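The values are calculated or read from the model by the stated rules, or taken from the named source; none is laboratory data. None of these values were measured; they are calculated from a predicted model. Note: ideal-geometry Cβ built from the backbone for every residue, glycine included; neighbour counts use all protein chains shown. Heavy atoms of the whole protein, side chains included, go into the accessibility calculation; ligands, DNA and RNA do not. Shrake-Rupley method; radii C 1.70, N 1.55, O 1.52, S 1.80 Å.
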Amino acid sequence: MTADHTRAPVLEALVDYRREGRLSFTPPGHKQARGADPAVREVLGDAVFFGDLLTTGGLDDRLTRGRVLQRAQELMADAVHADHTFFTTCGSSLSVKAAMLAVAGPHEKLLIGRDAHKSVVSGLVLSGIEPVWVEPRWDAERHLAHPPSPDAFERAFAEHPDAKGALITSPTPYGASADLRAVAEVCHRRPVPLIVDEAWGAHLPFHPDLPSWAMDAGADICVTSIHKMGSGLEQGSVFHLRGDLVPPELLGMRADLLSTTSPSVLIFAGLDGWRRQMALRGREIMGGALDLVAEVRAAVEEIDGMHVNDRDDFCGPGLAHGFDPLPVVIDLDGLGVSGYQAADWLRERRGVVAHLTDHRRIGTQITHGDDRETAGELLAALKDLARAVPDLDAAPRVEVPSPSELRMPQVMLPRDAFFGPAEAVPLDRAAGRVSAEMITPYPPGIPAVLPGERLTEPVLRYLRSGLDAGMYLPDPSDPSLKTVRVVAEGTG
């Protein structure tokens, strides 16, 4: 039967709930805005509260006989060529953990690209899975990591034939993508499943000029953040399943272990509406975004001192396989300012908020929600930034290690190091000790230090100099980085 993508089951059920005037004696306690603080109602509007109700016993009846959520998930699966889709209101941080737990268990091996997000490392800590790290493709000139190659996964499987599967991140927050079809073939020759953390790829299925997405490339599980490049609300995520290497009921059970029992209908509605929007008009909408971003890229390239990283920078032998142009990553090396300085200046002086920041770049993503007016404001702000550079302080130097120096040996399982006996030591005495915590420059959220890694001077200098230059480190136990949490002596 052909799926009817004009329907939006969650949104329709919300309309029915309001039209029928149901009176709820269940949570949430604000009772359709009546009990909410007036100041909150003024800021958020009552529509937020009208859409905030129980999923079971509210949006649907107590036995979910209307299959509201199930029908919405089935339509999403059809839209992206998956066999099954699961919604979550806890972000892709939950989705990727559920996927990992469905493929491997405690003390079982999983091949993972070392450019994985911190949520993957959290999954390792919670599960006790043993990571086998697969090295990304490093661009030493630009100090960037691109997704690992199929050959790197082939070699890792040869050394660890007992690995239960593989996990790769594609696309990266910088827009670089992997050869997913070839990586999936490497996995399926075993045969073991491939998980793709496609958090930045919600838009990929809807236009042929974008990189291939995981389900079409043969991946088994794909995790997607609809809120990042799509129209979903923050925390709106889906994970898709294809094939028979991972039973859907097992994946659902693992997700249920981690999920909230009080999911947000508001977030479900955003997921449902995004699918309908893109299933009906996705090619047109994404085509417009691609046309706009081409103009923005060309205009930024004309600003003295700025360079927009493009396909020629990111793709080629030893680099990425594909390229998404929508995350407009601007290299500021020619201006002599850091991404941290630029992002702060743009926000404080022009009210323009950049996303990704590092020691030499800012990311200014263009989506289908942009138009020539927002693009014009961005370009005007960037031109003002270029003119203001002579008045800015010199960029503090960030001591970025070489690729070989950046990688530290994993000598303990992340779980054992994180939960074992630990102590805080001064940063200048931490080299040689085993980390008991994650330390993650954010965004993009790829940990520089993992629990169980033996710390080295180059990485510690990078983090210290980065913090001094404006790097955001949200997760160390000592935010000032005067001390580092390490495994207690005699246990690491």
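Points to keep in mind about this one:
- Taking packing as the residue-averaged number of other Cβ atoms within 10 angstrom, the listed peptides 239-251, 383-395, 222-234 run from highest to lowest as 222-234, 239-251, 383-395.
- Cα-based Kirkwood hydrodynamic radius, segment 1-56, one decimal, Å: 12.8 Å
- Derived scalar couplings ³J(HN,Hα) [segment 194-201; Karplus, 6.51 cos²θ - 1.76 cosθ + 1.60; whole Hz; x for Gly, Pro]: 10, 9, 10, 7, 9, 3, 8, x
- Each Lys and Arg adds +1 at its Cβ and each Asp and Glu adds -1 at its Cβ; summed about the Cα centre, the chain shows a dipole of about 1140 debye.
- With the simple model of a label 7 Å out from the Cα in the direction of the Cβ, residue 419 to residue 244 spans 3.6 nm.
- Treating r as the C-beta distance of residue 294 and residue 411 and R0 as 60 Å, the FRET efficiency rounds to 0.80.
- Segment 193-313 - accessible surface per residue (Å², probe 1.4 Å): 39 Å²
- Amide H to amide H distances under 5 Å link residue 167 with 111, 112, 113, 195, where only residues 5 or more positions off or on other chains count and H is placed in the peptide plane.
- Label-to-label distance, residue 56 versus residue 302, with points set 7 angstrom from Cα along the beta-carbon direction: 5.8 nm.
- Loop sites in segment 340-416: GluC sites (Glu not before Pro), DSSP, at most 13 other Cβ within 10 Å: none
- A probe of 1.4 angstrom, applied to the heavy atoms of all protein chains, finds residue 307 with accessible area near 60 square angstrom.
- Projecting the Cα positions of 413, 451, 50 onto the charge dipole of the chain (unit charges on Cβ atoms of Lys, Arg, Asp and Glu, taken about the Cα centre) puts 50 furthest along the positive direction.
- The slack in the chain from residue 63 to residue 371, taken as 0.36 nm per residue of separation less the alpha-carbon distance, amounts to 106.5 nm.
- When the solvent-accessible area of the chain is split by element, carbon and sulfur atoms take up 51 percent of it, the probe being 1.4 Å.
- Additional length obtainable on full extension of the chain from residue 182 to residue 260, 0.36 nm per residue less Cα span: 24.5 nm
- Put a plus charge on the Cβ of each Lys and Arg, a minus charge on the Cβ of each Asp and Glu, and nothing anywhere else: the dipole of segment 28-144 about its Cα centre is then about 280 debye.
- Rounded to 0.05, the FRET efficiency of the residue 333 and residue 472 pair, given R0 = 30 Å and the Cβ-Cβ distance, is 0.90.
- Unit charges at the beta carbon, dipole of the chain: most positive-side option, 271, 95, 66: 66
- For the chain, the Kirkwood hydrodynamic radius from C-alpha pairs, put into Stokes-Einstein at 25 °C and a viscosity of 0.890 mPa s, yields a diffusion coefficient of 103 µm² per second.
- Converting phi to 3J(HN,Hα) with the Karplus coefficients 6.51, -1.76 and 1.60 and the offset θ = phi - 60°, segment 333-347 yields 4, x, 8, x, 10, 8, x, 5, 4, 4, 4, 5, 5, 4, 5 Hz in sequence order, with x at every glycine or proline.
- Convex hull volume per residue for segment 441-492, taking Cα atoms only, in Å³: 83 Å³
- Using a simple spin-label model with pseudo-atoms 7 Å out from Cα toward Cβ, residue 30 and residue 480 lie 3.9 nm apart.
- Scalar couplings 3J(HN,Hα) for segment 26-32, obtained by applying the Karplus form with A = 6.51, B = -1.76, C = 1.60 to θ = phi - 60°, are 10, x, x, x, 6, 6, 6 Hz; x denotes Gly and Pro.
- Full extension of the chain segment joining residue 155 with residue 404 gains 87.8 nm, where the gain is 0.36 nm per residue of separation less the Cα-Cα distance.
- Backbone amide hydrogens, once placed in the peptide plane, bring residue 200 within less than 5 Å of 225, excluding anything fewer than 5 places away on its chain.
- Descending semi-axes in Å of segment 244-350, equivalent ellipsoid built from Cα gyration tensor: 37, 20, 19
- Reciprocal of mean inverse Cα separation for segment 272-414 (Kirkwood radius, Å): 17.1 Å
- Per-pair calculated FRET efficiency, R0 = 41 Å: residue 162 and residue 234 via Cβ, rounded to 0.05: 0.60
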